[in-house]
2 protein chains.
Amino acid sequence: MGFLRSFSLFCLISVAFAHEAFDSHLLPRPLILEFPEGVVNQVKELDEEIKLRCDSWRFNVEANNLNPWKTIPKNCSEYVKQYVTGRAYQLELEIASNEAEIFAKTVKLVGDGKDVWIFDIDETLLSNLPYYTDHGYGSESFKPDEFDNWVEKATAPPLQPSLELYKELLDLGFKLVLLTGRSEKQRESTTRNLINAGFYDWDRLVLRRDDDQGKSAILYKSEKRSEMENEGLRIIGNSGDQWSDLLGTSVSVRSFKLPNPMYYIS
Amino acid sequence: MGFLRSFSLFCLISVAFAHEAFDSHLLPRPLILEFPEGVVNQVKELDEEIKLRCDSWRFNVEANNLNPWKTIPKNCSEYVKQYVTGRAYQLELEIASNEAEIFAKTVKLVGDGKDVWIFDIDETLLSNLPYYTDHGYGSESFKPDEFDNWVEKATAPPLQPSLELYKELLDLGFKLVLLTGRSEKQRESTTRNLINAGFYDWDRLVLRRDDDQGKSAILYKSEKRSEMENEGLRIIGNSGDQWSDLLGTSVSVRSFKLPNPMYYIS
């Protein structure tokens, strides 16, 4: 690359001065060509350094080492945008869902309708990427009213790998429970959105009731899982984009953490 | 880039044939120059595709979605090598240790000598990278005898970010417990290695006794933590490169998962 640029420069000079006597005062003109190269390389190195650091931040996010993190590092806004709108996000979702499917197929269901797989909704079944595209991909502070308006629209698309896993689990005979931090007031819009996005035949949709408000997600979801266990349900699998979907008490046999570098919920 | 290459090619042709009449039978010679460009681009795209896929695999490894995984994907051997020998691994270790230190400083110690931080040893305090450099960075099947020989040498270097965290925790007044899957038979070599690597003043070094052999790491380590709790120790923090260091029962208040794409221990 360096050679090619140098050689091009040499050629440019050769062409420019082919019929001129070599004259040192003319040198600054072609030399300007090298200036952008230096700048470009600096920018590229900076980009690579930022990418490396943001990658390292994201690995620590997904390993739950940064619990709880409040904001995306300032330098990583563009990185997060490129990640969630690019192929890496899709690939990671696919690998997680494929792995969940492989596990699900190894499970011998009792067949009494009590083998449960739990799904979270936001960033697990439904993608709020259209909303976050207009809100800095998580780099802006969360605006509850604006997000509620978005939920009312019921237009969030499905995360395709999750939809495929969902269908496969239904075919395998799992009872599907959707356990979300959304409010009971959003039951209608949430149901409408799920159906629009291709989801069907869930066993129950559990939303926060008034007396669940103010609880941490990890406590609220643990309580709901505990109630299910007390009913005799067996929680085999659990898919969520937040560690608070998966940890706590009455946890599933296997859980699957979907990537989400946009926000963290305790 | 494309322009530069084309222009260079044009220049090469110009130079090559500057004093020759243009003759079509000579064209194949300079055109050969374009062949490596195509190949180079294909290789680059392949590299980027492999990197993307191996990145996605590694994110799923660190999020514990691939539990248990037995081998590095064949295409990712070179990726893992570059990762563990490069800056990304160091950066991720630094972020994890920094975060652990930030957390540790928020803890109000009781001061009765019962506030405990647990460290795993291999790939947590000590780096076996010199060994894995000679054994395909985890892509070869594990050879217990050869690894035991390596342990006997007691020359594993420290993971620097872990050593810094270790010292800081001692200064803060934590009681440090080293809980490892290594065998009691390796107590002397392990102690020697730890001291050589700069570790000191641990409270206890717990290794597998004969009756611990055959237990999964997650069970063995949970049992040992449970025994500590029964002694009245409070397990505040836990650092390990394996999820089996951190999950199970009697878990710590906060745990820190260090990266390790070379091997998985159940």
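Only the coordinates and a few stated rules stand behind these numbers; no lab work does. This is a predicted model, so every value here is computed, not measured. Counting neighbours? That spans all protein chains shown, and the Cβs are built from the backbone with ideal geometry, glycine included.
Simple spin-label estimate for A:R209 and A:S226 gives 1.5 nm between the two label positions (7 Å along the Cα-to-Cβ direction from each Cα). Straight-line cross-link partners of A:K185 among the aspartates and glutamates, defined as a Cα under 18 Å from its Cα and at least 8 positions apart when in the same chain: A:D120, A:D122, A:D145, A:E146, A:D148, A:E152, A:D210, A:D211, A:D212. With a simple spin-label model that places each label point 7 Å from the Cα along the Cα-to-Cβ direction, the separation between B:E49 and A:T106 comes to 2.9 nm. Taken residue by residue and averaged, Cβ atoms of other chains lying within 10 Å of the Cβ of A:92-104 number 3. Distances, shortest first, from the label point of B:T71 to those at the same position in the other copies read 4.7 nm; the point lies 7 Å along Cα to C-beta. For the residue pairs A:K257/B:K108; A:K108/A:K175; A:K114/B:K257; A:K81/B:K74, the alpha carbons lie more than 24 Å apart in A:K257/B:K108; A:K114/B:K257; A:K81/B:K74. Note on B:F174, B:F142: ascending count of other Cβ atoms within 10 Å places them as B:F142, B:F174, the fewest first. Extension gain, A:K70 to A:N98: 0.36 nm times the residue separation minus the Cα-Cα distance gives 7.1 nm.
Neighbour counts of other Cβ atoms within 10 Å put B:W117, A:W150 in the fewest-to-most order A:W150, B:W117. With neighbour counts taken as other beta-carbon atoms within 10 Å, the residues B:D201, A:D212 rank, fewest first, as B:D201, A:D212.
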